[in-house]
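Below is one structure, written out as structure tokens; comments come after it.
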Amino acid sequence: MSAPIDPQLAQTAVKTIKFLAVDAVEKAKSGHPGMPMGAADMAFVLWSRFLRYDPTAPDWPDRDRFLLSAGHGSMLQYALLHLAGYDLPISELQAFRQWDSRTPGHPEFGLTPGVEATTGPLGQGVGNAVGLALSAKMLAARFGSDDFQPITHRVFAIAGDGDMQEGISGEASSLAGHLGLGNLVVLYDDNHISIEGNTALAFSEDVPRRYEAYGWHVQRCDGHDRDAIEKCLEAAIEETARPSLIACRTHIGHGAPHKQDTHEAHGSPLGPDETKATKLALGWPLEPTFHIPDAVRDFFHARASEGAALRTGWESRFSQWRGANPDKSRAWDAIVNREVAVDVVEQLVAQAPTNAAATREHGRDVLQKAAALTPALVGGSADLAPSTLTLLKGEASIRKEAFGGRNLHFGIREHGMGAVMNGIAYSGAFIPYGSTFLVFADYMRPAIRLAALSHLQAIYVFTHDSIFVGEDGPTHEPIEQVASLRIIPNLHVMRPADGWETAVAWGHALTRRHGPTAIVLTRQKLPPIPREMPNIADALRGAYNVAGVADPDAVVVATGSEVHLAVAARETLAKEGIRLNVVSAPCLELFEAQGDEYKSMLFPEGVPVATIEAGRTDPWRAIAGPGGLTLGIDRFGASAPGNVLGEKFGFTAEAVTERIRTWLSR
């Protein structure tokens, strides 16, 4: 904690933060001025006295992490980053919400220096903070020693009423309390205002008492009383066994004569008249806009120097620790650099299962080898490991005060699991995977989308991938999920057909550093696919020839559990003189990235195309073309044994063969 600050200087600094936000929103004619104005006091206390950072080394491993979960108040964070000395000049604040600026409407990871997570969709930042705190605990458990602890940082977040109303924050916070993440502090900006008006319209619960029930250390204070905020932060940092919530009662648009405590201050500029009135009321110069007093700049410059000294001191101790602990030093590099063997795909394929089995069973076997080759790989499921088969054998489970394991238990919390996984990925120190049934990918979709937007390496293992779930019925039989996942930019969806392709899928997911991968696996047993010339490089192009001739009568392309049906149809129709090429397409996103030459090699011009996938046919119509055949399912499933559903929906070798025969005979 830094030395006490002159109250008058603190007041001036708080006003500076407020009016940087007001001026930026006013200039953009778009944004949310009320939240930055109301949260400026708590943010200043945190950044001026407690947060450990060095703007010259924004990736320092033991820096404290700050997340603005209430990301609509992004100008609060941009003002702080500019004042703190990050590479975010005043011109970027003046370009708030404009094309090609580094100050977008909501904070974006990888775009703005000092932004630790992409936030804005409410509740996600709370989940990200839980993941970051969990990652820090896992690193500390692995690398701490009596003489030096390389990871001591804390995670601080500011969340608002909207965050607390979204269910995802409750899921993640419940897990944080269960695990006793004492390195996590959430400041709750309790301003009682949302877009429609006072939160009393729809929200009357006692949030602090709810967090007490989660197992958190909870305090309440006046969010504009900086001394009270400081005392609460001191107590939160002293509490190491439980995460902390500080409920700060604030006033949105604090200081605005006519718009304080109104929903008008939430999502619209104050307007010229109210901006002028607010500046006059708070004794702030009307001109120039974006005014920063020299004393405030000097203060934050000195604060940055303190952070630089902390960082260089850490680096010196870390260097000594490396020399004294060579084995731990190598392990540190493997995890922090997320090291993956250059030939990991080849190694996984060399040991790929060759038996007839469900691809979830192949996934279990491949995962064990993947984990042995990749120390950074950690993960688990939403209480479904016995079904998704994603438990790492011989590895400990992560529990309260026991963070050295690799098996995570997220509980029945898919929403929270996705956000926590993102937080782990944001830390940069681990490669997280999470698993559930494919139909419940819908619960995770916002977090998956943010992982793709933020270029995070996260791996999703989705099993029970079609109507062949069987007796559980249409509520648990995914029909549209694969298609809906494929429309998320920068998400690779891999649906392998057997053990060989499952090994390729895991290898791709491990080597793909700048985006998430979904591996979609079956519940039902599948036969191994006979390949004339198995080629890893071609499989990694997303689609490849399983079997074929130079001048086919038609091309049949399939994924996952339907590839063996295409192979069976080819074998039967070959006896009738009909020549089919079979293409397996485990990843359409990879295939779409290929050049025209490779695409035309698989799908020669003028050759008709049939597609087979036990799901929506919409994504396949472009590949099949106007005269093509698309075999799929465009209605919900039913409750019956899987083999019966296969017969009823036409997904048997006989039915597929007949459909292709009839199509080609037209």
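The values are calculated or read from the model by the stated rules, or taken from the named source; none is laboratory data. All values derive from a computational prediction rather than experimental measurement. Cβ atoms come from the backbone with ideal geometry, glycine included; neighbour counts cover every protein chain shown. Just the protein is used for accessible areas: all its heavy atoms, side chains included, with ligands, DNA and RNA removed. Shrake-Rupley method; radii C 1.70, N 1.55, O 1.52, S 1.80 Å.
Between helix 326-336 and the chain there is an angle of about 80 degrees, using the helix long axis and the longest principal axis of the Cα atoms. Between the Cα long axis of helix 294-324 and the first principal axis of the chain there is an angle of about 50°, rounded to the nearest 10. Over all Cα atoms in the range 461-524, the spread is summed up by Rg and Dmax: 12.5, 38 Å.
Relative to the dominant Cα principal axis of the chain, helix 653-664 is inclined by about 80°.
Taking 0.36 nm per residue of separation and subtracting the Cα-Cα distance, full extension of the segment from residue 11 to residue 209 would add 68.1 nm. Applying 1/(1 + (r/R0)^6) with r as the Cβ-Cβ distance of residue 512 and residue 2 and R0 = 41 angstrom yields a FRET efficiency of 0.50.
In the range 252-378, the inverse of the mean reciprocal separation of distinct Cα atoms equals 21.5 Å; this is its Kirkwood hydrodynamic radius. Here the average projected area of the convex hull drawn through the C-alpha atoms of the range 143-292 stands at 11.8 nm².
May I ask you to list the GluC sites (Glu not before Pro) in the range 434-507 that are in a DSSP loop and have at most 10 other Cβ atoms within 10 Å of their Cβ?
In loop regions of the range 434-507 (DSSP not H, G, I, E or B), there are no sparsely surrounded GluC sites (Glu not before Pro).
Each of residue 312 and residue 551 was given a label point 7 Å from its Cα along the Cα-to-Cβ line. The distance between the two points is 7.7 nm.
For the chain, what % of the accessible area comes from carbon and sulfur atoms, probe 1.4 Å?
In the chain, the share of accessible area belonging to carbon and sulfur is 52 percent.
The length gained by stretching the chain between residue 343 and residue 98 to full extension, at 0.36 nm per residue less their Cα-Cα distance, is 83.9 nm.
For the chain, the solvent-accessible area with a 1.4 angstrom probe is 37 square angstrom per residue.
When you restrict to C-alpha pairs under 8 Å that are six or more residues apart and normalise by the size of the range 492-594, the relative contact order lands at 36 percent. Computed on the chain, with alpha-carbon pairs under 8 angstrom and 6+ residues apart, the relative contact order is 12 percent. Straight Cα distances below 27 angstrom link residue 276 to the lysines 15, 18, 27, 29, 259, with same-chain residues fewer than 8 positions distant left out.
Below 9 angstrom from the Cβ of residue 223, what's the summed charge of the other residues (Lys, Arg +1; Asp, Glu -1)? Cβ neighbours under 9 Å give a net charge of -4. Residues 18, 599 ordered from highest to lowest accessible area at a 1.4 Å probe: 599, 18.
One way to sum up the overall shape of the range 72-137 is the equivalent ellipsoid from its Cα gyration tensor, whose semi-axes run 23, 13, 9 Å, largest first.
Each Cα pair under 8 Å and six or more residues apart adds its sequence gap; the mean of these over the residue count of the range 358-504 is a relative contact order of 24 percent. When the Cα convex hull of the range 538-666 is projected onto planes of every orientation, the mean area is 7.9 nm².
Tell me whether the chain comes out rounded, prolate or oblate; compute the Cα gyration tensor, take square roots of the eigenvalues as a ≥ b ≥ c, and use a/c under 1.5 as the rounded threshold. Before the final figure, lay out the partial values.
Working: a/c = 2.29, a/b = 1.86, b/c = 1.23.
It is prolate, given that a/c is not under 1.5 and a/b is the larger ratio.
How many percent of Cα pairs in the range 106-148 exceed 14 Å? Roughly 59 percent, once rounded to a whole number. Every helix of 4 or more DSSP H residues in the chain counts as -39500 (n - 2.57), and over all residues that averages to -13000 deg cm²/dmol at 222 nm. Measuring r between the beta carbons of residue 201 and residue 636 and using R0 = 35 Å, the FRET efficiency lands at 0.45. DSSP assigns beta bridges within the chain; of those with both partners inside it, close to 15 percent run antiparallel. Loop-located GluC sites (Glu not before Pro) across the range 542-649 with a Cβ neighbour count of 14 or fewer within 10 Å are 576, 605, with loop assigned by DSSP. The convex hull of the Cα atoms of the range 123-210, projected and averaged over all directions, covers 6.1 nm². Give the longest segment of the chain that steers clear of chymotrypsin sites (Phe, Trp or Tyr not before Pro) in DSSP loops with at most 13 neighbouring Cβ atoms within 10 Å, not counting the sites themselves. Segment 100-635 is the longest.
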